[in-house]
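Here is the structure we will look at, set down as structure tokens.
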Amino acid sequence: MRTPVNRRVVAVITGLALVASAMALSAPAGAVAGFGDIGEDRFFTEPVQWMVDNEITTGTSPTCFSPDDPVTRGQAAAFLWRIEGFPTGSPPHPFTDVPAPWQQEPVSWMYGEGITTGTSATTVSPDDSLTRGQMAALIHRAAGSPSAAPSTFPDVVRSWQSVPVGWMEAENITTGTSPTTFSPDDPVTRGQ
């Protein structure tokens with residue numbers, strides 16, 4: 001059981017959600033961490049700064065964060081692995097489609113912790129966009145798969161998404177894309 005992981009993931013994700021909610025009301029002035037594409041009026045301004053300060057992201061280039069780009073499965077692995085403090089010592093993953101050196105340990109860690117089983121027995125599809133429903137499932141598993149009521153969003157119909165999204169609702173990690181939608185099949189953006 002990943003009890004230390006559970007508390008840290010929940011605290012970090014909940015903190016990011018609360019900061020993002022607060023940012024909807026006000027945001028600091030100026031570029032964030034040198035990223036010219038993060039304006040002062042965005043809900044993710046402060047969370048992006050926090051991610052840079054805590055070595056969770058370096059952006060897509062030294063001057064861009066690319067907040068409207070979709071998160072890839074490889075990026076999600078790296079973000080979660082870094083949130084956990086760069087754990088080492090995981091057995092190698094079985095996937096043959098992970099060429100990037102910066103993805104090796106994160107994917108191995110996620111596989112070893114049971115956070116992902118990949119997209120097949122030999123692939124994890126690190127360059128594919130991650131959907132909002134998939135991200136909910138990964139975050140929920142990284143938190144130790146805590147019990148929760150099913151999602152209240154009518155568009156969350158897949159059983160493997162319902163409890164993860166319901167848990168995210170209960171923890172105030174998400175309020176959806178509207179009061180009645182979560183949009184589980186939409187790509188999750190880097191800003192989200």
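Taking amide hydrogens as placed 1.01 Å from N in the peptide plane, the amide H of residue 32 sits under 5 Å from those of 38, each at least 5 positions away in sequence or on another chain.
A Cβ-based charge dipole, computed about the Cα centre of the stretch 108-192 with Lys and Arg at +1 and Asp and Glu at -1, lands at about 80 debye.
By its C-alpha gyration tensor, with a ≥ b ≥ c as the square roots of the eigenvalues, how is the stretch 73-192 shaped: rounded for a/c under 1.5, else prolate for a/b larger than b/c, else oblate? Judged from the Cα gyration tensor, the stretch 73-192 comes out prolate (a/c at least 1.5, a/b above b/c).
When Lys and Arg each count +1 and Asp and Glu each count -1, what net charge do the other residues less than 11 Å away from residue 74, Cβ to Cβ, add up to? Computed value for this residue: -2.
What net charge do the residues around residue 52 carry, taking every other residue with its C-beta under 15 Å from that of residue 52, with Lys and Arg at +1 and Asp and Glu at -1?
On the way: positive: 42, 82, 190; negative: 37, 46, 53, 55.
After counting each charged neighbour, the total is -1.
Near the amide H of residue 189, within less than 5 Å, lie the amide hydrogens of 71, all on another chain or at least 5 residues away, with H placed in the peptide plane.
Remark: the stretch 177-192, residue by residue, has Karplus-estimated 3J(HN,Hα) of 8, 7, x, 10, 9, 10, 6, x, 8, 6, x, 7, 8, 4, x, 5 Hz, where x stands for each Gly or Pro and the curve is 6.51 cos²θ - 1.76 cosθ + 1.60 at θ = phi - 60°. What net charge is computed for the residues neighbouring residue 63, neighbours being all others with C-beta under 15 Å from the C-beta of residue 63, Lys and Arg scored +1, Asp and Glu -1? Neighbour charge sum, excluding residue 63 itself: -1.
Read the figures in this text as sums done on the coordinates, not as results from a lab. Being a predicted model, the structure only gives us computed values, none of them experimental. Backbone-built Cβ (ideal geometry, glycine too); neighbour counts: all protein chains shown.
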